[in-house]
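Here is the structure we will look at.
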Amino acid sequence: MSTAETVATADRRAWMGLLARAEPARLAALLGADLPEHVLLRAPEIGAVMVRGRVGGAGDAFNLGEMTVTRCSLRLASGVVGHAYVQGRDRDHARQAALVDALMQTGRSTEIEARVLAPLAAEETARRSARAARAAATKVEFFTMVRGED
Amino acid sequence: MYVAVKGGERAIDNAHAWLAEERRGDPAVPALGLDQIAGQLALAVNRVMAEGSLFDRGLAALAIKQARGDLIEAIFLIRAYRTTLPRFGASVPVDTAGMACIRRISATFKDAPGGQVLGPTFDYTHRLLDFALAAEGAVPEAPQAEPQPGPVPHVTGFLGRDGMIEPAEFTGAEPRDLTREPLSLPADRALRLQALARGDEGFVLGLAYSTQRGYGRTHAFVGELRIGTVGVEIEIPELGFAVEIGEVELTECETVNQFKGSRTEPPQFTRGYGLTFGQTERKAIAMSLVDRALRWRELGEDDTGAPAQDEEFVLSHCDNIQATGFLEHIKLPHYVDFQSELELVRKLRAEAEQARAARKAAE
């Protein structure tokens, strides 16, 4: 894989992950009702993925339990194909994520990035920071009272 | 005599209608929303996800509502639902070292890098009923502090660097899956962990407690307990690379246990492991103790005959859906079975009566 391809793959992985984690209602609101024409290659389908862990956190894989996932594939009129695998059971979420995945591979990528992905990323960062900051406030500070060896 | 009967349809329909009415409760009181259950009874939702073996908060909340708060019934509903879902594949194993932790404590190292982060815990509460909660009211915002950047390393990693603890075994083996094939023994550790992760919290807790009291003693320290979210990735065949499909909240417990060494291994610490969906730390700690107790054979320890060391006993009885299915089926009609039992006891009684009469006549 060339460097350009590697970067393109990393970018696509990043936006697909962001879309998968997004609140369905928020994604729908950012994308708006005016969706581009497309043909469904795989209509939104609800299923499960077996989540695996590792024995001892680092050893062999084991099956922990499943999570619900919805997937969708579609093609824009221009022929560009978009895919989505998103957490949960929301068919519209999967369809909209696949649309954004497709649009990000077209000339509209800058606009979609600014209008949909950037706000989603900023809101996710804010949500994560709020939890991390609350966790940080519960970090224990130890004080030495008496040293036994004196 | 065999008599086939049918009936009860009207009684069953009416019973279910009454169940729905009882479930709703007083119509003057607002109905519970699923967002209320998911948000305010989050630990019940977590238990249903962990033992239902399906991470989906909305479904778990619905199951709890439908089950009127009976969590094992709710787990049953989730297990039944998941069998209807097509399986898209298995994830890349989650990276718990990269977890965004909301809680992370170690009972073995006070100054573990990353620190002791308590998170939203019941620990150190006084367990006194808080009557203020009986009245609705706003809660003050929790304090915040500057978060430390980056992931928090695993505590066992520090012990591993000096060879003080056994390494996590990595063979690259494809794990067996209890949801695809019936349990067959002997089980390897991966299969045991799957069974324990979906096992009944009360049963696993009781077994873990028994090891602490001396039945298969392994003397565990909680090396680390962490709760937080991890991303879940799967390989997408049509793309040729892995993408994140969402994130799950997990509780992970690693115990550090004494080990005096064997012919091939130096004295070092050994590990027990627990990993569960959601914030479910009692279950994760219990799981890691039972995991460690079940490892007696591979570590060359004695089989003391303790229940927690008996793989067949533990794995065959830890699933509360199997257990409740078999237990509760005995309340369903067994009229024919019981009729034959009745006939048999009558016959035995008659024979015993005859024998007694014969003995009396002989005297």
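The values are calculated or read from the model by the stated rules, or taken from the named source; none is laboratory data. On a predicted model such as this, the values are computed, not experimentally measured, just so you know. Positions of Cβ are generated from backbone atoms using ideal geometry, with glycine treated the same way; all protein chains shown enter the neighbour counts. Just so you know, the surface numbers come from the protein's heavy atoms only, side chains and all, with ligands and any DNA or RNA stripped out. Shrake-Rupley method; radii C 1.70, N 1.55, O 1.52, S 1.80 Å.
Interface burial in region B:263-303, defined as at least 40 Å² less accessible area with all protein chains than with the chain alone at a 1.4 Å probe, covers B:Tyr273, B:Leu275, B:Phe277. Among B:His317, A:His38, the sequence by solvent-accessible area, most first, with a 1.4 Å probe is B:His317, A:His38.
Calculate the dipole size of region B:9-82 relative to its Cα centre from +1 charges on Lys and Arg beta carbons and -1 charges on Asp and Glu beta carbons; express the result in debye to the nearest 20.
Working: 9 positive and 10 negative charges, 44 e Å.
The dipole magnitude comes to about 220 debye.
The chymotrypsin sites (Phe, Trp or Tyr not before Pro) of region B:118-153 that DSSP puts in a loop, and whose beta carbon has at most 13 other beta carbons within 10 Å, are B:Phe122, B:Tyr124. Across the options B:Ser106, B:Ala208, A:Phe142, the greatest Cα extent toward the positive end of the charge dipole of the protein assembly as shown (unit charges at beta carbon of Lys, Arg, Asp, Glu) belongs to B:Ala208. Assuming charge only on the beta carbon of Lys and Arg (+1) and of Asp and Glu (-1), the dipole of region B:22-150 about its Cα centre is about 460 debye to the nearest 20. What is the percent carbon and sulfur in the accessible area of chain A, measuring with a 1.4 Å probe over the protein chains and ignoring ligands? Carbon and sulfur atoms account for 53 percent of the accessible area of chain A. Residues of region B:101-126 that lose at least 30 Å² of accessible area (1.4 Å probe, protein heavy atoms only) when the other protein chains are present, relative to their chain alone, are B:Ile102, B:Lys110, B:Gln116, B:Val117, B:Leu118. Once C-alpha pairs closer than 8 Å and six or more residues apart are averaged by separation and normalised to the residue number of chain B, the relative contact order reads 17 percent.
When chain A is treated as a Gaussian network with alpha carbon springs shorter than 10 Å, the biggest mean-square fluctuation among A:Ala136, A:Ala20, A:Ala58 belongs to A:Ala58.
The angle between the Cα long axis of helix B:71-82 and the longest principal axis of the Cα atoms of chain B comes to about 80 degrees, rounded to the nearest 10. Where the alpha-carbon atoms of region B:9-82 are placed on the principal axes, they occupy 36, 30, 14 Å, in descending order. Over all alpha-carbon pairs in region A:3-136, figure out the percentage whose distance exceeds 22 Å. The calculated P(r) of region A:3-136 puts 45 percent of pairs beyond 22 Å.
Is the shape of chain B rounded, prolate or oblate, going by the alpha carbon gyration tensor and its root eigenvalues a ≥ b ≥ c, with a/c under 1.5 for rounded and a/b larger than b/c for prolate? It is oblate, given that a/c is not under 1.5 and a/b is not larger than b/c.
Note that chain B presents 58 Å² accessible area per residue, ligands and nucleic acids not counted, probe 1.4 Å. Using a Gaussian network model of chain A in which every pair of alpha carbons under 10 angstrom is joined by a spring, one finds that among A:Ser73, A:Ser129, A:Ser109 the greatest mean-square fluctuation is at A:Ser129.
Say a site is exposed when it is one of the trypsin sites (Lys or Arg not before Pro), sits in a DSSP loop, and has at most 12 other Cβ atoms within 10 Å; what is then the longest site-free stretch of chain B?
B:7-109
Placing unit charges on the Cβ atoms only, positive for Lys and Arg and negative for Asp and Glu, gives the protein assembly as shown a dipole magnitude near 620 debye about its Cα centre.
Accessible area lost on pairing B with A, both sides, 1.4 Å probe, Å² to nearest 100?
Buried surface at the B/A interface: approximately 5600 Å².
Taking B:Ile12, B:Ile105, B:Ile37 and ordering them by how much accessible surface each has at a 1.4 Å probe, largest first, produces B:Ile12, B:Ile105, B:Ile37. Per residue, region A:3-136 exposes 41 Å² of solvent-accessible protein surface, assessed with a 1.4 angstrom probe and all protein chains in place. State the Kirkwood hydrodynamic radius of the protein assembly as shown in Å, one decimal place, computed from all pairs of distinct Cα atoms. Mean inverse Cα-Cα distance, inverted, gives 26.3 Å.
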